[in-house]
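See below for the structure under consideration.
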Amino acid sequence: MRKKIVAGNWKMNTLPKEGVELAKGVAAGRGEVCDSVEIIVCPPFTHIAQVVEAVEGKNVAVGAQDCATEVKGAYTGEISAEMIAALGCKYVILGHSERRQYYGETSESLNKKMARAYENNLMPIYCVGENLEEREAGRHFEVCKQQIEEVVFNLTAEQFAKLVIAYEPVWAIGTGKTATAEQAEEIHAYIREVLRSKFGAAAEQCPILYGGSCKPSNAGEIFSKENVDGGLIGGAALKAEDFLAIGKAF
Ligand code: 13P
């Protein structure tokens, strides 16, 4: 049985006080979601420590939204994987399309970030996904394959066992336009096949999350698909009630 995961990517939202309130709300209702579903919140760096404290002992894991390519040193403004791990994070989102699009994230930088994450026992949530133009040209399979081959294929079997993948079609992020459950299943199954070609049977254990306008009203149908193991949630993760309702969709 693959791990089921619902992760909230708060992006650049919430001030510390609001983030702590949100985390407390998630922790308070966590019991309504099946224990076997891993619930993760990913706040901005500035209040990770407070959020870790707010969810302590509540079976809610905390992740960061990015980490630096380098270990430590003269890199003004950067946050290292070691710092994130020291605050109590278990996960780190890497390769989100917003970072690829707005901050020049490439496979080269992502290979370094993945290495830093593993050195610090952080589990990466590695994001892949095509944009609208690529989808319309029917190139979504090759785009996802390339994003996986250039980064995930460099992992050892031991590292791969700790990886989570998130498929997030760029055209569905924050647009209210969701991939249909069939579209999600089609590409999730394809991604698993790509993973199987490199890692064999271990690919069956890798959670593949769907992300892109996922909300309480559509999560149930999307999560019912065989190769969809949960969601990476943006907007709907900013309300504890909605986020928990998505968790309950399993
Ligand atoms: P939305 O759920 O707001 O579309 O965002 C999805 C996402 O990018 C999660 O990482």
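Could you check how many residues of the range 116-128 are assigned to a helix (DSSP H, G or I) and either buried (at least 16 other Cβ atoms within 10 Å of the Cβ) or at pLDDT below 95 (or both)?
Going through the range 116-128 one residue at a time, the tally reaches 3.
Among residues belonging to the range 172-225 that are at positive phi and not polar (S, T, N, Q), point out the one that is surrounded by the most Cβ atoms within 10 Å (Cβ to Cβ).
G212
Please list, ordered by first then second residue, the pairs with beta carbon atoms under 8 Å, 6 or more apart or interchain, first in the range 96-123 and closer than 18 Å to E149 by Cα, second at pLDDT 95 or above and aromatic (F, W, Y).
L110/Y126; M114/Y126
Return the residues of the range 235-248 that are surrounded by fewer than 24 Cβ atoms within 10 Å (Cβ to Cβ) and either within 14 Å of the ligand (Cβ to nearest atom) or over 16 Å from I40 (Cβ atoms) (or both); say none if nothing qualifies.
Correct list: G235, A236, L238, K239, E241, D242, A245.
Being of a type in the set (S, T, Y), within 16 Å of the ligand (Cβ to nearest atom) and surrounded by fewer than 18 Cβ atoms within 10 Å (Cβ to Cβ) is the filter here; which residues of the range 68-114 pass it?
Correct list: Y102, Y103.
Restricting attention to the range 75-102, which residues are hydroxyl-bearing (S, T, Y) and touching a Ser or Thr at 6+ places or on another chain (Cβ under 9 Å)?
Passing the criteria: only Y75.
Somewhere in the range 24-46, is a residue of a type in the set (V, I, T), part of a helix (DSSP H, G or I) and in contact (Cβ under 8 Å) with a residue 60 or more places away in the chain?
For the range 24-46, residues of a type in the set (V, I, T), part of a helix (DSSP H, G or I) and in contact (Cβ under 8 Å) with a residue 60 or more places away in the chain: present.
Which one is farthest from E158 (Cα to Cα) among residues in the range 215-234 that are within 13 Å of the ligand (Cβ to nearest atom) and under 13 Å from the mean Cα position of the chain (by Cα)?
Filtering first and then ranking leaves G234.
Considering the range 131-173 alone, what residues qualify as being touching a helix residue (DSSP H, G or I) at 6+ places or on another chain (Cβ under 8 Å), assigned to a loop (DSSP other than H, G, I, E, B) and more than 16 Å from the ligand (Cβ to nearest atom)?
Those that are touching a helix residue (DSSP H, G or I) at 6+ places or on another chain (Cβ under 8 Å), assigned to a loop (DSSP other than H, G, I, E, B) and more than 16 Å from the ligand (Cβ to nearest atom): E150, V151, L155, A161, K162, L163.
Which of the following residues is touching a Gly at 6+ places or on another chain (Cβ under 8 Å) and farther than 22 Å from K90 by Cβ: Q147, Q183?
Residue meeting the stated conditions: Q147.
Name the pairs: first residue in the range 158-179 and under 17 Å from L94 (Cβ atoms) and charged (D, E, K, R), second residue within 8 Å of the ligand (Cβ to nearest atom) and in a helix (DSSP H, G or I), Cβ to Cβ under 8 Å, at least 6 apart or on different chains?
Qualifying pairs under 8 Å: E168/S97.
The values are calculated or read from the model by the stated rules, or taken from the named source; none is laboratory data. Fair warning: this is a prediction, and the values are worked out from it, not measured in the lab. Backbone-built Cβ (ideal geometry, glycine too); neighbour counts: all protein chains shown.
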